[in-house]
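Notes to accompany the following structure.
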Amino acid sequence: MTDWRELEKKYYMQTNIRIPVTLVRGEGMKVWDDTGKEYLDCVGGLATDSLGHCHPVVINAVTEQVRTLIQTSLWYFTVPQVKLAQLLVENSCFDRVFICNSGLEANEGAVKLARRYGHLKLNGAYEVITTGGSFHGRSLAMTAASGQPTMHAQYVPLPVGFVNVANNDIEAVRAATTDKTCAVMLEPLQGEGGVNVADEDYLKKVREWCDQKGILLILDEVQTGICRLGPLFGYQLYGIEPDVISLAKGLGSGIPIGALLAKEHAAVFIPGDHNSTFGGNPVTSAAACAVLKYIIDNDLPSRVTKVGQYLMGKLAGLKEKYPFITEVRGRGLLVAFELKEDIAQDILMECLHKGLLVNRVKPNAVRLVPPLIITDKEVDQAVDILDDVLSGIKI
Ligand SMILES: *Cc1c(COP(=O)(O)O)cnc(C)c1O
């Protein structure tokens, strides 16, 4: 049998310490490795496989489009791109859409849009306030925007124009705002930073502050969008309307696509300002259309809210049972539990051994971001395996 792990070590840039398993097939909540072993997948392509693995609606949409028209360029009208923009607008508070290929590309677009807005309406203001612990992507600009200093040192000098302040602290946002500020950019709930839930009224206060100052509020919903927290978009959970959001992860249920959504007053790009060769490609757009239609037709927002609460309740039960779990947190199907010691990797490996995929979001925190289609029974299965693994831990 081919040793794919050895070949990876030889040929691939070593950008990742991988989990020692080669996945070859997926269906719904399950994946299989190259030895035929089955796993219940509570990582879901890192919150991307919203409808699970290889969902028929995604397969059909992609297959049909691949047979019809794969790629044109940004110079022509194409049908799936327009349909996707319409679907996103009709189901959100936004007026205009730009489609791209990834989360960081959507965020780059959002920051360029905010700078354009600053040039046009705020006397050239260009600074964007971001928060500690945030993650916005891995381009140079998004590395600078992300509030994760360990990502910075090896790439200095980084692009300027980002001011990082403490998370969940409205006073810090106010203090950092100057006549150079054009926008505040936040995740409604920080995903990569460790599943950090902000106070209920923090986003409301930031919204009010941005209104007062005439600056834009950008929400990075790359992870929180597409029902990850329950509602189709994370902002709906917090009762506010941002000016701009970015989407990516769950939008194509594993097919790579991102999007930038803006209200009319903020959609200030004019022809020539911004573009993307593959952005809004017919195939990826057709996939995202199918995903959104499925989500809406099957009322996944209600389903995710319910099953998310069920999962949180079950994890709270584990916390009762195991005092070394210090906290259970999250919303919808973006949840984590924190541990007294840095044993998240050990738990991950034991779960892997027992047929469950979970994610180590911090050395001492395990994250679950399963596909949105997870059933109560599958939650029980996952929690039973976790229980089994945790019962073997001695600290
Ligand atoms: C994953 C993520 C990104 C980066 O998305 P890519 O598609 O990997 O570029 C940006 N912001 C948030 C909040 C994310 O979770």
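Values quoted throughout were computed directly from the atomic coordinates according to the rules given, and no laboratory measurement underlies them. Computed from a prediction, not measured in an experiment: that's the story for all the values here. Note that we place each Cβ from the backbone using ideal geometry, even for glycine, and neighbour counts take in every protein chain shown.
Is it the case that Cys54 is closer than 24 Å to Leu386 by Cβ and not charged (D, E, K, R)?
Numbers: closer than 24 Å to Leu386 by Cβ: no; not charged (D, E, K, R): yes.
In short, no.
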Being surrounded by fewer than 23 Cβ atoms within 10 Å (Cβ to Cβ), closer than 24 Å to Phe278 by Cβ and within 16 Å of the ligand (Cβ to nearest atom) is true for just one of Arg96, Arg138, Arg116. Which residue is that? Arg138
Pick from the stretch 185-217 the residues that are more than 18 Å from the chain's Cα centre (by Cα) and in contact (Cβ under 8 Å) with a residue 40 or more places away in the chain: which of them is farthest from the ligand (Cβ to nearest atom)? Gly214
Could you grab the pairs with beta carbons closer than 6 Å, sequence gap of 6+ or different chains, first residue in the stretch 362-373 and farther than 15 Å from Asp49 by Cβ, second one surrounded by 24 or more Cβ atoms within 10 Å (Cβ to Cβ) and of a type in the set (A, V, I, L, M, F, W, C)? Ala365/Ala336; Val366/Phe337; Val366/Val358
Across the stretch 361-395, the tally of residues that are more than 27 Å from Val291 (Cβ to Cβ), outside any helix (DSSP H, G or I) and not hydrophobic (A, V, I, L, M, F, W, C) stands at 5
When the stretch 208-217 is checked residue by residue, the ones that are part of a loop (DSSP other than H, G, I, E, B) and crowded, with 17+ Cβ neighbours inside 10 Å are Ile215
For the stretch 25-55, how many residues meet the condition of being β-branched (Val, Ile, Thr) and exposed (fewer than 12 other Cβ atoms within 10 Å of the Cβ)? 1
Where Asn275 falls short, out of the listed (1) away from the ligand (no atom under 16 Å from the Cβ); (2) touching a residue at least 24 places away in the same chain (Cβ under 8 Å); (3) touching an Asp or Glu at 6+ places or on another chain (Cβ under 7 Å): (3)
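So if I check each of Asp243, Asp220, which one is surrounded by 24 or more Cβ atoms within 10 Å (Cβ to Cβ), touching a residue at least 24 places away in the same chain (Cβ under 8 Å) and within 12 Å of the ligand (Cβ to nearest atom)? Before you say what the answer is, go through the steps one by one.
Values: Asp243 fails: within 12 Å of the ligand (Cβ to nearest atom).
So the residue among Asp243, Asp220 that is surrounded by 24 or more Cβ atoms within 10 Å (Cβ to Cβ), touching a residue at least 24 places away in the same chain (Cβ under 8 Å) and within 12 Å of the ligand (Cβ to nearest atom) is Asp220.
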Go through Pro301, Pro282 for me and flag whichever is of a type outside the set (Gly, Ala, Ser), touching a residue at least 12 places away in the same chain (Cβ under 8 Å) and under 20 Å from Gly28 (Cα atoms). Pro301
